[in-house]
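What follows is a set of notes on a single structure, which appears directly below.
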Amino acid sequence: PAHVAAPVQRAPEDLLERANGLRGARRYSAAERASLEVVRLHPRTRAAYVAQVAAAGLRLDRLGRARAAGRLYRAALRRGGPLDAEVRYGLSRVAARVGPPGEERRALERLLAEHPGSPYAATARRRLAMLEGE
């Protein structure tokens, strides 16, 4: 019988590096696909969490797919990890684009309640102040 070579399993870190390279080359759709490949092939790893957050950011900022970004951000939040402040900020930005009235404010307040010292806190406070003025 003929032997069929098993597909090469790449380490999740290698796949993330590839996705980052594609993003750096402004190949955003390819970078999103590469990020989601990490999630598909290595779903229980920290790299999958990082890849979900990265793919969500690409969907929101580069691909014009805010609702799809929200789904990935929520999936990453269920997993939890060191990027949760970034995830909460991303969810507030999704809400600003496609959420019902008040959702952005609630998302920003939750970010500040859970991550008051994060790099996103000052931006969240400024945005809340702007929303107060509307």
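The values are calculated or read from the model by the stated rules, or taken from the named source; none is laboratory data. Just so we're clear, the structure is a prediction, and the values are computed from it rather than from any experiment. As a convention, Cβ positions derive from the backbone with ideal geometry for all residues, glycine included, and neighbour counts pool all protein chains shown. Keep in mind that these areas ignore ligands, DNA and RNA; they rest on the heavy atoms of the full protein, side chains included. Shrake-Rupley method; radii C 1.70, N 1.55, O 1.52, S 1.80 Å.
Of note:
- Contact map, the stretch 86-110: residues that are touching a residue at least 12 places away in the same chain (Cβ under 8 Å) and aromatic (Phe, Trp, Tyr) paired with residues that are part of a helix (DSSP H, G or I) and buried (at least 19 other Cβ atoms within 10 Å of the Cβ), Cβ distance under 7 Å, separation 6+ or inter-chain. Pairs shown: Tyr89/Leu111; Tyr89/Ala124.
- Options Val87, Val50; residue that is within 9 Å of the chain's Cα centre (by Cα) and open to solvent by 30 Å² or more (accessible area, probe 1.4 Å): Val50
- From the list Ala19, Ala6, Ala11, Ala2, the one residue that fits, being modelled with pLDDT of 95 or more and not hydroxyl-bearing (Ser, Thr, Tyr), is Ala19.
- Check on Gly81, part of a loop (DSSP other than H, G, I, E, B) and either of a type outside the set (Lys, Arg) or within 21 Å of Met130 (Cα to Cα) (or both): yes
- Gly90 vs. criteria on the phi > 0 side of the Ramachandran plot and not aromatic (Phe, Trp, Tyr): no
- Total residues in the stretch 24-82 satisfying the condition of being within 21 Å of Val98 (Cα to Cα) and touching a Ser or Thr at 6+ places or on another chain (Cβ under 8 Å): the figure is 5.
- The one condition from (1) in a helix (DSSP H, G or I); (2) buried (at least 16 other Cβ atoms within 10 Å of the Cβ); (3) within 19 Å of the chain's Cα centre (by Cα) that Thr123 does not meet is (2).
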